[in-house]
Each structure stands twice: as structure tokens, then as C-alpha cells.
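The values are calculated or read from the model by the stated rules, or taken from the named source; none is laboratory data. Quantities reported herein were computed from a predicted structural model and do not represent experimental measurements. Heads up, the Cβs are rebuilt from the backbone with ideal geometry, glycines too, and the neighbour counts pull from every protein chain shown.
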Amino acid sequence: MKEMWKNCSHKKQLLLVLSALVLCLSVSVGMTLAYFTDWTAASGEGKVADMKPDTELKEEIQNLDKVITVENTGTAEAFIRVKVFYPNPELNNMEVTFESDEGWEEKDDGYWFYTKVLAGGETTSELKVNVTAHVKADGGTPDFQIIVVHENTPAVYDESGNAQPRDWYAAQSQTEGEEGNE
Amino acid sequence: MMKRNQNSKKKFPVKYIAVALCAGAFLMGVSTGYTKAEPNYTTPDYEADLETWRVGVLLWEGENKLESSDDVKNENGYQLTGLEGEAKPGVYYPELLSVSNNGALEEYVRVLLRIRWTDQSGSPVRDLDPSLIHLDLAEGWVVSQQESTDEKIVIYYTKPLGADPENPADGGDKVAFLNGITIDPAVASDVVWGKNDETGNITLTYRYNDVNFEISAEADAVQTGSAQDAILSAWGVEVNIAEDGTLSLPPTE
């Protein structure tokens, strides 16, 4: 029985050694199968240009006339349009005409579009609203208001960098220049 | 008592031999692994020997190498030189990024391009859409649709990059992988409407205002010998290699 136990112990020891050898071999085999590789990395970043236009309507009143300009007080390049609201001239015994410098263009929807991109710090050319009020029968002049609404939209660009207005659906609107006149 | 001593003497060497063998082989294996991954830690003699079998890859922005002078593989910034200031939505900006083989062996190369929006502190802004950062990839590369996402584009160069063992630092093949970038004009339309409680005026918040876009590139190279097995082992990707060495990706299902 002792002999048998001794033999069994030798077998265990032999198995232990063999197992250790197999383990060692398997570890070294794994290492020798590594492939040649390399890597490198880099990164860079850029800033998107300011897209939020900040513009200010400026009006100068000359007698009954209005001279309209819009200044870009921000840094984002923008396109501008204005709409002028006034009473029906025929019903109010008055005449309203427009006189525009280069860059202004009237569209069918009643807006005056400034066709050039307005960079930060720039001001549009003048859009003049000429008002002639005829003397009424009672000797007075008609009461009226001229309201100017101006809107801006950021410039977007084609691949070559040519600016064009982004769609106007989300244009920023600002109403100013109410005028009472008697 | 004597018998017990004799028995213990017989058992002693077997255990120690097993432990010593195992420990020795493990240490050899570990040291082999490190010397292959980072030759800088080896002795000069061994490094010189290994150099003839080295695979190496470099990133370039135009003619500028994007690797620090001490040859340590850190992330190095590039300048987006074509930008010249701020990126206007819709404008195409040239930005030439390339990889070159600066090793002594032919190699296959892949590039992982990661794009994201970050705030002024450099933290990612995850609710902005990275797919609005358009990358104009160069020809000769194949996009892995399986590995790519909106934030990550994985491209494989379809030909092996040749090496110049005589002048490995500058003599190997160099190929461009990026030609330029464009920020989608849609960023100018992504506005949130609000109302100023004090003035009652409508306010518009441009979600992409005051954010940066970040493009990072990681270039991986692997030996051309046993390329399919090497790529599978190194990158975990199955590729096809034609007889003329052209690499292609299996069709995605």
C-alpha cells in the first residue's frame, strides 16, 4: 500500500512538472507570434465663425422723410431686409415713394433686401422713404405713422466662400422707428 | 525521523524546478513583449538589430511631421493650417493630412478619424451633431462602414506602403488621407427660439455658436507578411488581401 502511495506521489510530481512546462511553453509561444505594428496620433481643432448677427436700425428724419440705414454692430456677417409700414396714401391724402442707393432691391413680398453681405462694423447704404402730405380741406395735414421693421439672417457660404443669406424663416426681427406726425 | 528527512530531500528540488522554470519563462516572455512594443527600452545592440525589422508610421500636416522631437508617441496638435481663422459654414477649407512609412518594412495602414464638437474649455458637446463636420477623404482609401459612426471614420489604405530601409525616416511612401473640411451650412439654421421675459422680444440662440470642432487622427500600421493574420491579430478586423497586395474589406451585411 505504501509502495502504491509512493508511485502515486511520483506521478503527481511528474504531472506537476509537465504541467508547468506546458504552461511555460504556451506563454512563450504566445509572445513569439506577436506581429510588427506601430501607431501614432495627432489632433487639431478649429472654431466656427460667429453666426449670430447683431444689427441696429438707424433712422434719420428729414422733414417728413425717413433715411434708413442698418449697422452690423456684431461680428457675424449678415444679410438685411426691411419692411416699411405706412397708411394707405390714397385714403390719407399723401404720397409715399422710395429712393434707394446701391444694394437695395424691392421684392414682391414688400421687403427691401440689402443684397450685399454686411460684415461686422459695416453699415448699409441709404434707403430713403419720401413722404409728401397734402394739405387737407380743413387746412391741416394728415395724421400718420411710418413703422420700419428690419430683420437679419446669418450669411452662409458656398464652397468657394461666396456669401448668401440663410433662409429667412428664422430671421431675427426688430421693430423700430415709430413716428407720429401731425 | 531519518526517513522523513530523506523523503523531504527527494521532494524539494521538484517543486523548486517547476516554480523556477515557470517564473523564468514568464519573465522572458514579458521582457520579449515589452522590447517589441517599445524598442526604446532595449539595449543599443538589440535595438540596432531590431531596426531592420521595424514597422513605423508617421502623420503629416502638409509638409510638417506630427511627431515630437524625442520620438515619443504622444498626441501632438496640428494647426488646421487651411483654416486661417474661423470656419465659415459651407466654405471648403483645404487641410492636407498624410501618413508615411518611416519603418524598414512594407506595411498596411489604417487611420481612425474622430470628429466632435467641443466647448471653449475643450469638453465635448455631445448634443451637437458631429456629422455636420464634413471630411473630404483622399482617394485610395476604403471606409469601413462596419467600424465607422457619426463620430468616428475608419479608413484603410488599399495598397501596401513601401519602405526605404536605407533612409527609413524620410524615404518611405507617403499618402494623403484628408484633403479638406467643410462645416455644413445647416449649423446656421439650428436655432432655438425663446423670449426675453423683460423686454418681450423674441430671442434666437444659435446652438453651434461659440463651439469648436475637433479632428483627431490615429494611424496604425502593421507588417505585410501574413497580413491577414497580422491585421486580425493587431486590429481585430478581417480583411481580404488580393494576390497583387490590394486590401479590401468584406461586404457589410
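The table for this structure:
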| item | result |
| --- | --- |
| Candidate set: segment B:140-189, residues that are out of contact with any strand residue (DSSP E or B) (no Cβ under 7 Å at 6 or more places or on another chain) and of a type in the set (Asp, Glu); chosen: the one surrounded by the most Cβ atoms within 10 Å (Cβ to Cβ) | B:164 |
| Residue count for segment A:131-143, restricted to those that are farther than 15 Å from residue A:97 by Cα and not charged (D, E, K, R) | 6 |
| Among the candidates B:233, B:216, residue that is out of contact with any helix residue (DSSP H, G or I) (no Cβ under 7 Å at 6 or more places or on another chain), among the hydroxyl-bearing types (Ser, Thr, Tyr) and over 22 Å from residue A:49 (Cα atoms) | B:233 |
| Qualifying residue in segment B:166-176 (condition: modelled with pLDDT of 90 or more, basic (Lys, Arg) and closer than 17 Å to residue B:125 by Cβ) | no |
| Breaking point among (1) facing chain A (nearest Cβ under 8 Å); (2) assigned to a helix (DSSP H, G or I), for residue B:217 | (2) |
| Segments classed as strands (runs of 3 or more DSSP E), wholly inside segment B:144-208, with at least 2 members that are more than 9 Å from chain A (Cβ to nearest Cβ) | B:152-157, B:174-183, B:191-195 |
| Qualifying residue in segment B:131-139 (condition: within 12 Å of another protein chain (Cβ to nearest Cβ), over 23 Å from residue B:224 (Cα atoms) and surrounded by 19 or more Cβ atoms within 10 Å (Cβ to Cβ)) | yes |
| Pairs where the first residue, in segment B:50-73, is facing chain A (nearest Cβ under 7 Å) and the second is part of a helix (DSSP H, G or I) and modelled with pLDDT of 50 or more, C-beta under 7 Å, 6+ apart | B:56/B:168 |
| One residue from A:60, A:56, A:122, A:126 being under 22 Å from residue B:189 (Cα atoms) and out of contact with any helix residue (DSSP H, G or I) (no Cβ under 7 Å at 6 or more places or on another chain) | A:56 |
| Some residue of segment A:82-100 being surrounded by fewer than 18 Cβ atoms within 10 Å (Cβ to Cβ) and within 11 Å of chain B (Cβ to nearest Cβ) | no |
| When residues of segment B:212-238 are limited to those that are buried (at least 19 other Cβ atoms within 10 Å of the Cβ) and β-branched (Val, Ile, Thr), the one farthest from residue B:140 (Cα to Cα) | B:215 |
| Candidate set from segment B:226-253 (those that are assigned to a loop (DSSP other than H, G, I, E, B) and in contact (Cβ under 8 Å) with a residue 60 or more places away in the chain); member that is farthest from residue B:145 (Cα to Cα) | B:245 |
| Subset of segment A:40-76 [surrounded by fewer than 18 Cβ atoms within 10 Å (Cβ to Cβ), of a type outside the set (A, V, I, L, M) and over 29 Å from the mean Cα position of the chain (by Cα)] | A:60, A:62, A:63, A:65 |
| Identity of the residue in segment B:98-118, within 13 Å of the chain's Cα centre (by Cα) and within 9 Å of chain A (Cβ to nearest Cβ), that ends up nearest to residue B:213 (Cα to Cα) | B:114 |
| Residues (of a type in the set (Asp, Glu) and buried (at least 21 other Cβ atoms within 10 Å of the Cβ)) located in segment B:94-130 | B:95, B:107 |
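Residues are listed down the side, and each one gets a yes or a no for (1) among the small types (Gly, Ala, Ser); (2) free of Cβ contacts under 8 Å to residues at least 60 places away in the same chain:
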| position | (1), (2) |
| --- | --- |
| B:97 | no, no |
| B:103 | yes, no |
| B:120 | no, no |
| B:140 | yes, yes |
| B:157 | no, no |
| B:160 | no, no |
